[in-house]
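Notes follow once the structure below has been shown.
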There are 2 protein chains.
Amino acid sequence: MAPKLRLRLTFDNGLILGPGKADLLQGIAEEGSISAAGRRMKMSYKRAWMLVEDMNAAFVSPLVESSRGGQKGGGASLTDAGEAVLAEFRSLEAMVLERGAPQIATLSAMLSDIPAQK
Amino acid sequence: MAPKLRLRLTFDNGLILGPGKADLLQGIAEEGSISAAGRRMKMSYKRAWMLVEDMNAAFVSPLVESSRGGQKGGGASLTDAGEAVLAEFRSLEAMVLERGAPQIATLSAMLSDIPAQK
């Protein structure tokens with residue numbers, strides 16, 4: 001079985017883009033709400049908002065747009081920029097497992113079956 | 001400038017292989033000592049040994065061999081398996097930046113110059 005991958009990029013402007021922010025973007029796309037997306041990840045409302053604000057500030061165009069209030073209590077969705085960032089990050093993750101298959105196969109073949117401590 | 005990359009793999013037998021263990025292996029290769037390698041990473045002696053023991057147990061062949069005592073107070077070095085694991089991991093890291101250049105360029109071009117909070 002393929003190993004689980006975590007990929008994290010730290011950009012020149014200080015933005016750290018990793019599985020947490022990518023999953024949050026995906027959750028917002030799927031749930032239509034920042035708080036619901038955060039809840040799904042067992043993340044506090046405050047933290048989910050903070051991550052969204054960090055991402056919005058780190059890109060030229062915001063990744064998430066939200067509307068407060070209204071009958072349904074406000075919602076959030078990804079902008080085109082948000083969809084693009086999420087797609088590029090997922091593409092990078094998929095690429096590692098695909099193009100890195102030779103290295104991963106070599107490492108996997110050297111592993112013992114004994115459960116490791118960490 | 002290329003972003004800084006962190007790559008972490010969690011294998012079926014529970015082994016987590018990431019920058020910490022890779023840097024420790026590299027330090028052992030360069031310093032000839034587990035404690036010196038740990039010191040370089042500001043890691044306690046105990047933790048460095050623990051990580052080495054985890055890695056040795058997780059692979060069919062140990063990655064690090066150490067000799068205690070002797071005139072120089074014992075040393076450590078990578079086995080062939082250790083050299084191979086380090087090389088495959090570094091190769092995977094380099095591959096991500098190389099083959100992932102299109103995705104990374106797209107993401108970088110969307111970033112603002114404003115320093116992000118995180």
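The values are calculated or read from the model by the stated rules, or taken from the named source; none is laboratory data. Predicted model only: the values in this text are computed from it and were never measured. Reconstructed Cβ throughout: ideal geometry from the backbone, glycine too, with neighbour counts over all protein chains shown.
Kindly state which strands (runs of 3 or more DSSP E) lie completely within the stretch A:1-91 and contain at least 3 residues that are at pLDDT 95 or above.
Answer list for the stretch A:1-91: A:4-10, A:74-78.
(1) out of contact with any Gly (no Cβ under 7 Å at 6 or more places or on another chain); (2) within 14 Å of chain B (Cβ to nearest Cβ): which one isn't true of A:Leu25, the others all being true?
(1)
Of the numbered conditions (1) surrounded by fewer than 17 Cβ atoms within 10 Å (Cβ to Cβ); (2) under 22 Å from B:Arg8 (Cβ atoms), A:Met50 satisfies every one except a single condition; which is it?
(2)
Would you please list the contacts, defined by Cβ atoms under 8 Å and residues six or more apart or on different chains, that run from a residue in the stretch B:38-61 that is away from chain A (no Cβ under 14 Å) to a residue that is among the polar types (S, T, N, Q)?
B:Gly38/B:Ser44; B:Tyr45/B:Ser35
Assess whether B:Leu24 counts as being of a type in the set (A, V, I, L, M), within 16 Å of B:Phe89 (Cα to Cα), in contact (Cβ under 8 Å) with a residue 12 or more places away in the chain and out of contact with any strand residue (DSSP E or B) (no Cβ under 8 Å at 6 or more places or on another chain).
yes
Of the residues A:Ala105, A:Ala87, which single one is out of contact with any helix residue (DSSP H, G or I) (no Cβ under 8 Å at 6 or more places or on another chain), within 16 Å of B:Met110 (Cα to Cα) and either of a type in the set (Phe, Trp, Tyr) or more than 7 Å from chain B (Cβ to nearest Cβ) (or both)?
Being out of contact with any helix residue (DSSP H, G or I) (no Cβ under 8 Å at 6 or more places or on another chain), within 16 Å of B:Met110 (Cα to Cα) and either of a type in the set (Phe, Trp, Tyr) or more than 7 Å from chain B (Cβ to nearest Cβ) (or both) holds for just one of A:Ala105, A:Ala87, which is A:Ala87.
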